[in-house]
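Working notes for the structure below.
The values are calculated or read from the model by the stated rules, or taken from the named source; none is laboratory data. Just so it is clear, the structure is predicted and the values come from calculations on it, not from any experiment. Virtual Cβ from ideal backbone geometry, glycine too; neighbours counted across all protein chains shown. These accessible areas exclude ligands, DNA and RNA; they are computed on the full protein's heavy atoms, side chains included. Shrake-Rupley method; radii C 1.70, N 1.55, O 1.52, S 1.80 Å.
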Amino acid sequence: MGNSSSNAADGNGVGQDNKAASSGKSASSKQKAADNKPIPDPAEIKSKPVHQVICEYNDLEDGQMKEVEVEGQKVLVARDQGAYYALSSKCTHFGASLAKGALCQGRVRCPWHGACFDLATGDIEDFPGLDSLQSFEVEVKDGKVEIHTDTVALSSTKRVKPMITRDLECTLLYLIVGGGPAALECAESLRQAGYKGKILIITQENDPPYDRTKLSKALTSTASDLALRPTEFYNVYDIHIMTGMEAFSVDTDMNHMVFRGREWTDYTVEYDQAAICTGSRPITLDKPGTNTFSKDVFYLRTPTEANEIANKSKGKNVVIVGSSFIGMEVAASVVGKAKSVTVIGRSAIPFANLLGEQIGKIIMELFESKGVKLVMSSEVEELIGNEENLTQIKLTSGETVAADICVVGIGVLPNTEWLKDSGVKLSERGHIIVNKYNKTNIDNIHAAGDCTTFPLFIDGDRLVNIGHYQMALSHGKSAGMNMCFKEEPLKSVPYFWTAVFGKSFRYCGFGNAKEDEIVFHGESSKFVAFFVRDDKCIAVASLTWDPMVSVAAELMRAGIPIPASTIREDPEQLHLLVPK
C-alpha cells in the first residue's frame, strides 16, 4: 500500500518532493525557511552570548511569573516547585503577555485564548497557537538567577516545534482529507512524532489551510492574509496539498478513496492510514425567495464570500439571519459601514442557551448601543424583492425588514454524507464517532475536528460534538500522534472566545446554561460567571477579568475540582486551588 494514482499523488499541490530531505532526519537545518520572516544571510547574523542576572532567587514564590528585560527583549521568568524557568514572554498566537496568564503543574496558559506551553521546553501543548516558545538556560548561583543565551535566540520569539522530513525510501502514504486547522495540525503532528512517509492533504478548499475564525471579524481578508503557514513551510516539511478536490467515496476494505475535481474528474488515492478532517458546512436558508435572490444571500465560509459581504454591505441594508457567534461578529464588522444592520434570531436572547440570560442580555445591549437592531423570537417567512434585487425580508410575525443583502448563520452540518455507506460509524446527526485517541471504528482511519463526536474527558467521557477552532487543532494533534501509535488520549479543555466592539468574551469548559446554576460576579463591563452542577464548577465565562478563564481551564485539565463554595463569595479564591 501507499501508492496513489499519478494524478492525485503528483498533482498541482503545495509541497512537492524534496530529495535533499530524503534522510528523514530533523529538519532543523531547513526550518528557517518555514518561518514567516525572510531568511537572513548567515554572514549578516551577528550574535553575541548573553549572561545576565534576571532576579534574586527569593523574588518569586512557587507559581509566580514576571517579565524581565534582557538585551532589550522581554523574557518570561517563572518559578515552579523550587525551579526557575525562562521563556519567550509573548504567546505565539496573538502576542498576549504570558506573565498575566495561568501557571499550573509545569504549564503556562495564555490569558487571552488559552494556548498552553511547557514551562521547561517552551513546546506548545494546547492551542490555538501553532508555534512554540524559545526556552533559555537558567542557572541559580549564590541566590541569584542567571540566564544564559544569545542575542539571536532572544530576538526569535517563537519557533516551530521540531519535526522531521520525508524519507524517500519510506513507501507509506498517510492521507488527510480536509484543509482546515485539524488537517494542518494532524500533518504537523505526524512529522513531530517521527513519521517519515508521504503526507498528502486533499481538500475541497481553493487554498491551503487558513484561519477561518478571522473571516467574520475581518471581512476584507484574503486567504494569504489568513494562511496558517507560509508556502515554504509545506515545502520544508514535505507536506503535499491538493486543493479543489471533494471527497466522494471510500473503500475501507481496499484502503482507497475517490475524490472529485472541479471538472468532474475522479481521482483515486490508495492510503496506508487516513485522517478525516472534513469539518462542517453552513445550513442553508430554505425559504421562498432564497433561490430567486441567491446573489444577495451569503453564507460566510470563504475569504471570497467575506470580501463580497464587505463590499456589498457598504451603504446598504444588511440583514443577518441567525444570532450565532458568526452572525453577531459579522454584524459588528459591518455596522457603521452599512446603512442599517438587523439581526433576526429565533431565541429571545442571543447566546442564552450557552452563556445564560444575564450574559446574553449584556451582549444584546452592547450590540444595540452600537446601532445593531436585534429582532428576536423571530423567523424568516420569505425573501422579497423586485425583478433583480432583494429589497426586504418578511418574518413569520408579518413584520418586514428592509434588506439589500442577507447573511445566513443558522448552524452547520458535518461534511460526512460521502461516508454513509463506507462502514465508518456515524452518529444520528452524521458526526464521525471516535474514541479518546481520535480513532474511528476502522483501524487505520482517524478523524478530527468539527465532523466528529468524541469523548470529553472533563465530562466523564460523554460523547459530544464541539465546533471550536481550538478543539479542532487539539483533535488534529491527537489524530496525528495516534496514527503514529503514540497512544496519547485527547485531553483538551474546550476554550473559545469572541471579540466584538473591542471587548473579548471568553469561555472554558462545557456547561448547559438551561440546567446549570450560574454564579455571576461583576457588572456589564467586567464580569466572571461560574456554571455550577452538583456543587462543582464545570464552565467559566468572563469579560475583562483575566486570567480567570485560563486558570479554570488549567484546573479542569489537571482534574482539580472547583467546589462551588470556593467561588460563591469571592471569585478570586479560584487562584487558591492552583497547586504551588
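Cβ separations smaller than 6 Å between residues 6+ apart or across chains give the following pairs from segment 192-208 residues that are within 17 Å of Val269 (Cβ to Cβ) to residues that are part of a strand (DSSP E or B) and open to solvent by 40 Å² or more (accessible area, probe 1.4 Å): Gln204/Glu246.
Which of the residues that make up segment 479-503 are more than 16 Å from the chain's Cα centre (by Cα) and either closer than 30 Å to Ile363 by Cα or without any contact (Cβ under 8 Å) to a residue 24 or more places away in the chain (or both)? Once the filter is applied, which keeps residues that are more than 16 Å from the chain's Cα centre (by Cα) and either closer than 30 Å to Ile363 by Cα or without any contact (Cβ under 8 Å) to a residue 24 or more places away in the chain (or both), segment 479-503 yields Phe485, Val500, Phe501, Gly502, Lys503. Residues in segment 256-304 that are open to solvent by less than 50 Å² (accessible area, probe 1.4 Å) and under 23 Å from Ala218 (Cα atoms): Gly279, Ser280, Pro282, Asp296, Val297, Phe298, Tyr299, Leu300, Thr302, Pro303.
If I go through segment 348-373 residue by residue, how many of them are loosely packed, with under 15 Cβ neighbours inside 10 Å and of a type outside the set (D, E, K, R)? Don't jump to the end; show me each part of the working.
Here is the first cut: in segment 348-373, the ones loosely packed, with under 15 Cβ neighbours inside 10 Å are 348, 353, 365, 368-371.
Okay, now just the ones that are also of a type outside the set (D, E, K, R), so 348, 353, 369, 371.
Within segment 348-373, residues that are loosely packed, with under 15 Cβ neighbours inside 10 Å and of a type outside the set (D, E, K, R) number 4.
Residues in segment 405-434 that are surrounded by fewer than 16 Cβ atoms within 10 Å (Cβ to Cβ) and over 19 Å from the mean Cα position of the chain (by Cα): Glu417, Lys420, Asp421, Gly423, Lys425, Ser427, Glu428, Arg429.
For (1) touching a residue at least 40 places away in the same chain (Cβ under 8 Å); (2) touching a helix residue (DSSP H, G or I) at 6+ places or on another chain (Cβ under 8 Å); (3) acidic (Asp, Glu), each residue gets a yes or a no:
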| position | (1), (2), (3) |
| --- | --- |
| Leu419 | yes, no, no |
| Arg429 | no, no, no |
| Asn438 | yes, yes, no |
| Ile442 | yes, no, no |
| Asp450 | yes, yes, yes |
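Just so you know, in segment 459-479 the residues that are part of a helix (DSSP H, G or I) and in contact with a strand residue (DSSP E or B) (Cβ under 7 Å, 6 or more places away or on another chain) include one that is surrounded by the fewest Cβ atoms within 10 Å (Cβ to Cβ), and it is Gln470. Restricting the first member to segment 317-333 and to residues that are at positive phi, and the second to residues that are open to solvent by 20 Å² or more (accessible area, probe 1.4 Å), the beta-carbon pairs closer than 7 Å and six or more apart or on different chains are Gly322/Ile410. Restricting segment 545-580 to residues that are polar (S, T, N, Q) and surrounded by 14 or more Cβ atoms within 10 Å (Cβ to Cβ), the residue that is nearest to the chain's Cα centre (by Cα) is Ser550. Only residues that are open to solvent by 40 Å² or more (accessible area, probe 1.4 Å) and either within 27 Å of Thr278 (Cα to Cα) or not small (Gly, Ala, Ser) (or both) were counted in segment 500-521, giving 9. The strands (runs of 3 or more DSSP E) found entirely in segment 484-580 that carry 1 or more residues being among the polar types (S, T, N, Q) are 495-500, 503-509, 536-543. For segment 118-127, a residue qualifies if it is touching a Gly at 6+ places or on another chain (Cβ under 9 Å), open to solvent by less than 20 Å² (accessible area, probe 1.4 Å) and not acidic (Asp, Glu), and the qualifying residues are Leu119, Phe127. Contact annotation: residue pairs with Cβ atoms under 7 Å, 6 or more positions apart or on different chains, pairing a residue in segment 81-94 that is within 17 Å of Val53 (Cβ to Cβ) with a partner that is of a type in the set (Gly, Ala, Ser), are Tyr85/Ala78; Tyr85/Ala120. Number of residues in segment 140-192 that are buried (at least 23 other Cβ atoms within 10 Å of the Cβ), assigned to a loop (DSSP other than H, G, I, E, B) and among the charged types (D, E, K, R) equals 1.
Each row is one residue, and each column tells you yes or no for (1) of a type in the set (Asp, Glu); (2) closer than 14 Å to Pro209 by Cβ; (3) touching a residue at least 60 places away in the same chain (Cβ under 8 Å).
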site	(1), (2), (3)
Asn235	no, no, yes
His240	no, yes, yes
Val250	no, no, yes
Val258	no, no, no
Ala274	no, no, yes
Pro282	no, no, yes
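Contact annotation: residue pairs with Cβ atoms under 6 Å, 6 or more positions apart or on different chains, pairing a residue in segment 381-409 that is more than 15 Å from Asn291 (Cβ to Cβ) with a partner that is of a type in the set (A, V, I, L, M, F, W, C) and assigned to a loop (DSSP other than H, G, I, E, B), are Gln392/Ala403. If the condition is being in a loop (DSSP other than H, G, I, E, B), of a type outside the set (S, T, N, Q) and crowded, with 24+ Cβ neighbours inside 10 Å, then segment 80-110 contributes Cys91, Gly101, Cys110.
Which strands (runs of 3 or more DSSP E) does segment 274-387 wholly contain that include 3 or more residues that are more than 30 Å from Leu173 (Cβ to Cβ)?
Numbers: elements: 280-282, 297-299, 317-321, 340-344, 372-375, 380-385.
Strands (runs of 3 or more DSSP E) meeting the threshold: 297-299, 317-321, 340-344, 372-375, 380-385.
Every condition in (1) polar (S, T, N, Q); (2) over 18 Å from the mean Cα position of the chain (by Cα); (3) at pLDDT 95 or above holds for Ser221 except the one numbered (2).
Given the criteria open to solvent by 10 Å² or more (accessible area, probe 1.4 Å) and not in a strand (DSSP E or B), does Leu130 qualify? It is true that Leu130 is open to solvent by 10 Å² or more (accessible area, probe 1.4 Å) and not in a strand (DSSP E or B).
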